[in-house]
Amino acid sequence: MPRVKRLAALIALLLTARLAVFMVDATRAQYTLAPWSKFHRVHCCFTSYVAGAVLARARVANIYDVALYDGRVGLLELDNYEYPPPFLLLPAIAVALTKNFFLMRAVWFFLEAALFALALHAVVRFARASPTLSALVWISPPTLICLQIGNFHVLAIAVAMLAMIAIARDHEILGAALLAFITACKIYSGILIVYLIVQRRWRAVKWIAAFGLLLVALSWLVFGSAPLVEFVRYQIPRISNAEAFPWVEHSEGVLSVNITATNFSYYGLVTKLRMFGLPGMGPATARSLGWIATAGIVLAAVLLGRAQRDHNGPMAAASGWLVLINLASLRSPFCPSEYATIGTLWLLALMGTGLERRLRTMSGFALLWMMVALACAWPPGKVRLVLASIGHLALLGANVWMIVRLAGGLRWKPGRRRELASVSQSAAATT
């Protein structure tokens, strides 16, 4: 296994170095993960972060007005800004230091890559997870594509996991600061606060509240009240009813099929069923499913928080955090498989720890991994719709199965094969 571990690490290093060429020079598209994909050559989420920061610093009335984001930055298309205002504090620092967008883009790539690598390593150390399978998370298409387009999701998951590890190791102030920032940027991370409340980690919760208020006050001071007001008044309703993502409901032809296939949100599950001909799968049904899922995720946070109070071990804790992040992140009406699958691949790496030498089990594990990891890589059209739909269900199934298993730990007796602690012990013996 050490040889396989070194090989996986080498492949990860080579793929990252190759991608770094494009991240330093956007004209060298042949070094992208998928050079044949025009969308991935010109799409860059980071453009919206910088543009949003520039507009907020200029005190524009509504930074969420999509008319403000029509244009290009060099060869890259300008993306719409969708996040809460506190997130803009990060790109605002970069904008204050330099006007060179492509320098900022390169630094952002290396920052995301470094923090995600750090988080993978931290979870390996904390949960005694498999380094080999963790390296596979890195070299999977969703992770590399997310790094290529500069989406914040990969960094959000990484920092959320680092925050929870810090809190679990009684570094409450550090963990609270990290989790407060991520929650202020990606609201779905707030589900981890529910988990901490159930665990009665009151010191951490108080620090999270304090840091959260500080971030809101700081964004108000730097950008004024307009971004905060417009996020609540204008942007949240548009996100809730999918108006912020018009392509979800108003695309046609092959484009509609491809968008539906790649959308791994709860809303996207309904649009998939609609495309397969199931009646009654309209926007109202999609919104209702989102709220039902929200209630289910909160319940899962309560169950997992209670289960972990019984000290089921670091493997169970890390798995529970990832499950909550994964399922909560799908709450947005549009969540592309390019990054929606990263957290589940990480969860599968934990699930597979200690099973590397069990050929039959690993065969099924490998098939599940491929269905999730390749969901963003299938050829366009109906084939992609079918295979991505299977991957969508596999993703949801893996996370729900882990909830059942972890929550069931409240009833499992020590020593039984089903207990997740046995997986942790097996992992410790193989690392």
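Rule-based calculations on the coordinates, nothing more; no lab input. Because the structure is predicted, anything quoted here is derived from the model rather than measured. Ideal geometry is used to build each Cβ from the backbone, glycine not excepted, and the neighbour counts take in all protein chains shown.
Tabulated results
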| quantity | calculated |
| --- | --- |
| Per-pair calculated FRET efficiency, R0 = 60 Å: S363 and I236 via Cβ, rounded to 0.05 | 0.85 |
| Set of aspartates and glutamates near K5 by C-alpha distance (under 16 Å), chain-local residues within fewer than 8 positions excluded | E356 |
| Proximal aspartates and glutamates to K206, defined as alpha-carbon separation beneath 20 angstrom and excluding residues fewer than eight positions away on the same chain | D170, E172 |
| Proximal lysines relative to K272, as straight alpha-carbon distance under 25 Å, when same-chain residues fewer than 8 apart are discounted | K38, K382 |
| Charge dipole (debye, nearest 20) of the chain; +1 at Cβ of Lys and Arg, -1 at Cβ of Asp and Glu | 1440 debye |
| Paramagnetic label zone (point 7 Å from Cα along Cα-to-C-beta, S225; backbone N under 20 Å) in segment 51-69 | 56-65 |
| Kyte-Doolittle mean at least 1.0 and Cα axial length at least 27 Å: DSSP H helices in the chain | 2-24, 101-127, 202-223, 382-407 |
| Spread of Cα-to-Cα distances over 20 Å intervals beginning at zero, given as percent, for segment 33-430 | 27, 60, 13, 0 |
| Under 15 Å, Cβ to Cβ, from S288 - net charge with Lys/Arg +1 and Asp/Glu -1 | +3 |
| Structure-based [θ]222 nm, the chain - -39500 (n - 2.57) summed over DSSP H runs of at least 4, per residue, nearest 500 | -22000 deg cm²/dmol |
| Estimated distance in nm for a label pair at A96 and A9, the labels positioned 7 Å out from Cα along Cα-to-Cβ | 3.8 nm |
| Mean separation of Cα contacts under 8 Å (6+ apart) over length of the chain, as relative contact order % | 18 percent |
| By average C-beta atoms within 10 angstrom, highest first, the peptides 240-253, 392-405 | 392-405, 240-253 |
| Chymotrypsin sites (Phe, Trp or Tyr not before Pro) restricted to segment 1-91 and DSSP loop, no more than 12 other C-beta within 10 Å | W36 |
| Sum of side-chain charges, E172 neighbourhood, beta-carbon under 10 Å (Lys, Arg +1; Asp, Glu -1) | +3 |
| Most fluctuating residue given options L215, L324, L14, as computed from a GNM of the chain linking Cα atoms under 10 Å | L14 |
| Formal net charge of residues neighbouring A20 (Cβ-Cβ distance under 12 Å; K, R +1; D, E -1) | +1 |
